[in-house]
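Readers should treat all values here as calculations from the given coordinates under stated rules, not as data from a laboratory. Here the structure is a predicted model, which is why all the values come from computation and not from measurement. Every residue, glycine as well, gets a Cβ built from its backbone with ideal geometry; the counts of neighbours run over all protein chains shown.
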Ligand code: NI
């Protein structure tokens, strides 16, 4: 498949943040030309006139739990422990593989229609999540959320290793990564085992880290150090990884994460909704950490919407630091695209340039919320929304265009299946 986008305002996200009015050509899964209009002998399967609208790399959602779309708007306005132990965990116990499959596909529809082209997912029933991501055409790194609560430690580690070997190297869009659920849900033996797997495969390990004040206080009381130092002391971060949330980290924690080449993934909407607080984003950036953005799952957010996360990440830092100049739009966009690609290890999807993967989105600027045109990068962060996205391409395939999905599974089937599942598990 060859596609020519023309009359585009191209935001490349390259090192110089180049933007130009021109064309982008795609052959199979790669970008083969990005530049000013020029003549060619190439014949294209499709030529798409972007009519002056934005063409840019897609957003990278670096932390999500896709099947949790099934719990959207089911357990809101509750304290964290009630939300988790009384509402979410009992429902999760009832989920089968097929449920997880349809819940993930619902998330994929939302990612595609909102301009997200890659996600880092963490859930269970791994095979089913991965099958849905593959069937939906998403670029995905599935991060195992190992947890043993002190039991079956070796079994958990063995399963993770066998899944790691089963799923890597099969589908160019899918990777399987090592991960630990959180400091407070695993034994120290499991941390040592995760570090051994990381060493064996030279693979990063990702984890929920310092999400709540209680998590940090409990860890300090039990082990005499903060969660980042406790996790790192077991060697878990020796090959880097992603640390999710990091709401309650101090400068020493941040310096440690930087020294271990760990990317931090912030989740502003989830942290606000569960009343966990505001991550010290500016401080982490000042320490040189690669900071990316995630939505978390739809049970705690409830929208898998990178525009909303970008907006919140910026304005919350302005309020928290008392500096309106903090976290400008350009920095936030870089976090949502380029930093996210690096955090997930999808380095070939970080910008628009020849040879890069064609993970592209088109954003409509001929809408009231984007007019008049002054600074489109500012508009993308402060006034744009999911509804401005009118085309999403992953690996050279157009999966969403002008309100229609082309992922091979009818969206109405997905909605019907998900409603059926929710009715069943709530009433069971
Ligand atoms: Ni999470």
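What percent does the relative contact order of the chain come to when contacts are Cα pairs within less than 8 Å and at least six residues apart?
21
Cut-off is 10 Å between beta-carbons; in what order do 198, 162, 187, 387 appear when sorted fewest neighbours first?
Arranged by neighbour count, lowest to highest, 198, 162, 187, 387 become 162, 387, 187, 198.
Send over the semi-axes of the chain's equivalent ellipsoid, whole angstrom and largest first, taken as the square roots of 5 times the C-alpha gyration tensor eigenvalues.
34, 24, 21
Pulled fully out, how much extra length does the chain show between residue 185 and residue 2, if you take 0.36 nm times their separation in residues and subtract their Cα-Cα distance?
Here the segment from residue 185 to residue 2 would lengthen by 61.1 nm.
Can you compute the modelled spin-label distance between residue 96 and residue 252, with each label point 7 Å from Cα toward Cβ, in nm?
In this crude spin-label approximation the distance works out to 5.1 nm.
When DSSP beta bridges are limited to those with both residues in the chain, what percentage is antiparallel, rounded to the nearest 5?
Counting DSSP beta bridges with both partners in the chain, the antiparallel share is about 45 percent.
Rounded to the nearest 500, what is the chain's calculated 222 nm mean residue ellipticity when only DSSP H runs of at least 4 contribute -39500 (n - 2.57) each, over all residues?
Estimated from H runs of four or more residues: -10500 deg cm²/dmol.
Once the convex hull of the alpha carbons of the range 1-66 is built, what does its volume come to per residue, in cubic angstrom?
Value for the range 1-66: 119 Å³ per residue.
Kindly put 63, 234 in sequence by how many other C-beta atoms sit within 10 Å of each C-beta, fewest to most.
234, 63
As an exercise, use a Förster radius of 60 Å and the Cβ-Cβ distance of residue 15 and residue 424 to find the FRET efficiency, rounded to the nearest 0.05.
0.75
Can you compute the label reach from residue 402? Point 7 Å from Cα along the Cβ direction, backbone N cut-off under 16 Å, restricted to the range 348-387.
Counting backbone N atoms under 16 Å from the label point, the list is 362-366.
Quickly rank 174-180, 3-9 as a protection proxy: mean count of other C-beta atoms within 10 Å, highest first.
174-180, 3-9
Residue separation times 0.36 nm, minus the C-alpha to C-alpha distance between residue 49 and residue 373: what's the value?
Computed gain between residue 49 and residue 373 is 114.7 nm.
Compute the distance in nm between two label points, each set 7 Å from the Cα along the Cα-to-Cβ direction, one at residue 382 and one at residue 165.
5.4
Working out 0.36 nm times the residue gap between residue 319 and residue 158, then minus their Cα-Cα distance, what length gain in nm do you get to one decimal?
53.4 nm
How compact and how long is the range 177-305, expressed as Rg and Dmax of its alpha-carbon atoms in Å?
Final numbers for Rg and Dmax: 13.8, 39 Å.
Determine the distance separating the Cα centre of the range 275-295 from the Cα centre of the range 30-51; give it in Å without decimals.
Result: 38 Å between the Cα centres.
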